[in-house]
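Undergrad: Sharing a structure below in structure tokens format, with a few things to ask.
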Amino acid sequence: MTLAIVASKMHRIVASASIAARARARELTAAGHGIVDLTVGEPDADSPSHVVSAAHAAAVDGDTRYPPIAGTIALREAIREKFARENGLEYARSEVIVGNGAKHVIFHALAATCDDGDEVIIPAPYWVSYLDIVRFSGGIPIVVACHARHEFKLTPEALEEAIGPRTKWLILNNPNNPSGAVYTADELRLLARVLERHPHVWVLSDEIYEHYVYGTTVHVSFTTCATTLRQRTLTVNGVSKTYRMSGWRIGYAGGPSPLIDAIDTLMSQSTGGVCSISQAAAVAALTGPQDCVSAIRQDFTRRRDLMISRLAEIANFACLPPNGTFYVFPDCKAYLDTVSPCGHDIATDHDLCAYLLETANVAVVYGEAYGCPGHLRFSFATTDERIILGCDRVAAALGKLKPKTSVWTTL
């Protein structure tokens, strides 16, 4: 039954599929099931000790009052220095804002700028929340399929075709969750050339996974490659992934001051400023020793290679090695239109996820949630032992599926 009190606009959105998948895995684990959770969207290690110490010192020193809406001066200065040091981007303090995680910043940016009917281009596969945030803000998501033959990246031709007179934003997630795709500098420049011809289109560049790149891959910020678009680009980042600080809830962005002012105004009437103690911790993360970042990237490189090698042993489970993030996004279409040993139809990737959870005790996320049906998202932000166990269980479970045609043939 739907309560009359609930606004009609709530029907525009659904709960996050990745969060729901992890919640279900936690419920089953608490109930005593030996679940291997490969849905995890955060590093599995604790926050660096110097970050925790900075938070403790801030609390002891009485830094416990309302902070500025846009963020403390200390943190905004640390963010400015980070952008200059790592991305070659120069922002004034008035061009930087802090939010309760990167999702919070993205939500307020779109809510502050989208009028009803404005279009937002979203390359697929995409992070699960983009579409719902756009819809809730009154915008219309324009999903552009990015195929494996293009390494799941948006091409200039596809971007040109998607732009219309009501296009307000392009959301670019680089590195990409869930595919692990990372754009080269040349690829970003080609996209920028298209956008230069359409001055009404802004770019939201979500770079939260920037430090999780592997091998010879290098992350380059969009604005670094598109200096002519600086005044209509919002670069979003945060400390959750890079510094293993997901629970501290600190995201941030750099962009033109009129946009930052609009986000600040909206935040002033919604959440207010971000936890002062978390901000002190974020200052320590951004300005302190950075060896923790390279250490976890090295650790994740090993885990990535381990998961890829294990999944490669599964027949017809095609998988592009991710150049970034901590996810693998294999093609599972060969295992659809099958029947489980219990006689249940496996028609979609959602069905396949449910089957793996129920019969193999492995939790993954279905590709349809990311706008890319026929895929599964595996996270390697877990231990080597659980990667091996999870992949072995998946291989065994997939091996038990039978094509529907063979079932009818035996009748």
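The values are calculated or read from the model by the stated rules, or taken from the named source; none is laboratory data. What you see is a predicted model, and the numbers here were worked out from it, not measured in a lab. Don't worry about glycine lacking a Cβ; one is built from the backbone with ideal geometry, like all the others, and counts go over all protein chains shown. Calculation scope for accessible area: heavy atoms of the full protein, side chains included, ligands and nucleic acids excluded. Shrake-Rupley method; radii C 1.70, N 1.55, O 1.52, S 1.80 Å.
Undergrad: I need the full set of residues from region 296-314 which are open to solvent by 60 Å² or more (accessible area, probe 1.4 Å) and among the hydrophobic types (A, V, I, L, M, F, W, C), in order please.
TA: Once the filter is applied, which keeps residues that are open to solvent by 60 Å² or more (accessible area, probe 1.4 Å) and among the hydrophobic types (A, V, I, L, M, F, W, C), region 296-314 yields only ALA312.
Undergrad: Take the residues of region 155-179 that are in a loop (DSSP other than H, G, I, E, B) and open to solvent by 60 Å² or more (accessible area, probe 1.4 Å): which is farthest from TYR370 (Cα to Cα)?
TA: PRO165
Undergrad: While we're on this one: Of the conditions (1) hydrophobic (A, V, I, L, M, F, W, C); (2) touching a residue at least 24 places away in the same chain (Cβ under 8 Å); (3) touching an Asp or Glu at 6+ places or on another chain (Cβ under 8 Å), ALA347 satisfies every one except a single condition; which number is it?
TA: All conditions are met except number (2).
Undergrad: Same structure again: CYS342 passes all but one of (1) under 21 Å from ARG149 (Cβ atoms); (2) hydrophobic (A, V, I, L, M, F, W, C); (3) open to solvent by 60 Å² or more (accessible area, probe 1.4 Å); which number fails?
TA: With respect to (1) under 21 Å from ARG149 (Cβ atoms); (2) hydrophobic (A, V, I, L, M, F, W, C); (3) open to solvent by 60 Å² or more (accessible area, probe 1.4 Å), CYS342 is out only on (1).
The rows are residues; the columns are (1) open to solvent by less than 40 Å² (accessible area, probe 1.4 Å); (2) in a helix (DSSP H, G or I); (3) within 22 Å of ILE171 (Cβ to Cβ).
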{"site": "GLY247", "(1), (2), (3)": "no, yes, no"}
{"site": "ILE260", "(1), (2), (3)": "yes, yes, yes"}
{"site": "SER270", "(1), (2), (3)": "no, no, yes"}
{"site": "VAL274", "(1), (2), (3)": "yes, no, no"}
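Undergrad: While we're looking at this one, here's another question. Is it true that VAL182 is in contact with a helix residue (DSSP H, G or I) (Cβ under 9 Å, 6 or more places away or on another chain) and surrounded by 16 or more Cβ atoms within 10 Å (Cβ to Cβ)?
TA: Judged against the criteria, VAL182 is not a match.
Undergrad: Please go through region 390-411 and give me each residue that is surrounded by fewer than 17 Cβ atoms within 10 Å (Cβ to Cβ) and at pLDDT 95 or above, ordered by number.
TA: If the condition is that a residue be surrounded by fewer than 17 Cβ atoms within 10 Å (Cβ to Cβ) and at pLDDT 95 or above, then ASP392, ALA395, ALA396, GLY399, LYS400, LYS402 are the ones that fit.
Undergrad: Report those strands (runs of 3 or more DSSP E) wholly inside region 75-154 carrying at least 1 residues which are under 29 Å from THR184 (Cβ atoms) and open to solvent by 10 Å² or more (accessible area, probe 1.4 Å).
TA: Those strands (runs of 3 or more DSSP E) span 119-124, 140-145.
Undergrad: Residue by residue through region 222-272, note down the ones that are of a type in the set (Asp, Glu) and under 13 Å from VAL98 (Cβ atoms).
TA: ASP264, the sole residue that qualifies.
Undergrad: May I ask you to list the residues in region 352-384 that are within 17 Å of ILE308 (Cα to Cα), open to solvent by 20 Å² or more (accessible area, probe 1.4 Å) and not in a loop (DSSP other than H, G, I, E, B)?
TA: Matches in region 352-384: ASP384 only.
Undergrad: For region 277-291, which positions are part of a helix (DSSP H, G or I), open to solvent by 20 Å² or more (accessible area, probe 1.4 Å) and either in contact (Cβ under 8 Å) with a residue 24 or more places away in the chain or touching a Ser or Thr at 6+ places or on another chain (Cβ under 8 Å) (or both)?
TA: Selection gives ILE277, ALA280, VAL283, THR287.
Undergrad: Please go through region 180-214 and give me each residue that is more than 20 Å from TYR243 (Cβ to Cβ), in contact with a Lys or Arg (Cβ under 8 Å, 6 or more places away or on another chain) and either modelled with pLDDT under 95 or in a loop (DSSP other than H, G, I, E, B) (or both), ordered by number.
TA: ALA181, TYR183, PRO199, HIS200, VAL201
Undergrad: Kindly evaluate LYS333 against the criterion of being over 26 Å from ALA20 (Cα atoms) and over 22 Å from the mean Cα position of the chain (by Cα).
TA: Spelling it out, it is not the case that LYS333 is over 26 Å from ALA20 (Cα atoms) and over 22 Å from the mean Cα position of the chain (by Cα).
Undergrad: Which residue, of LEU266, LEU229, is open to solvent by 30 Å² or more (accessible area, probe 1.4 Å), part of a helix (DSSP H, G or I) and not charged (D, E, K, R)?
TA: Within the list LEU266, LEU229, the selection yields LEU266.
Undergrad: Could you count how many residues in region 221-266 are without any contact (Cβ under 8 Å) to a residue 40 or more places away in the chain and hydrophobic (A, V, I, L, M, F, W, C)?
TA: Of the residues in that region, 2 qualify.
Undergrad: Moving on. The conditions are (1) under 24 Å from the mean Cα position of the chain (by Cα); (2) farther than 30 Å from THR228 by Cβ; (3) among the acidic types (Asp, Glu), and GLU358 fails exactly one of them. Which is it?
TA: Just one mismatch for GLU358, condition (1).
Undergrad: Tally up the residues in region 25-67 that are assigned to a helix (DSSP H, G or I) and either at pLDDT 95 or above or touching a helix residue (DSSP H, G or I) at 6+ places or on another chain (Cβ under 7 Å) (or both), please.
TA: Adding up the residues that qualify gives 12.
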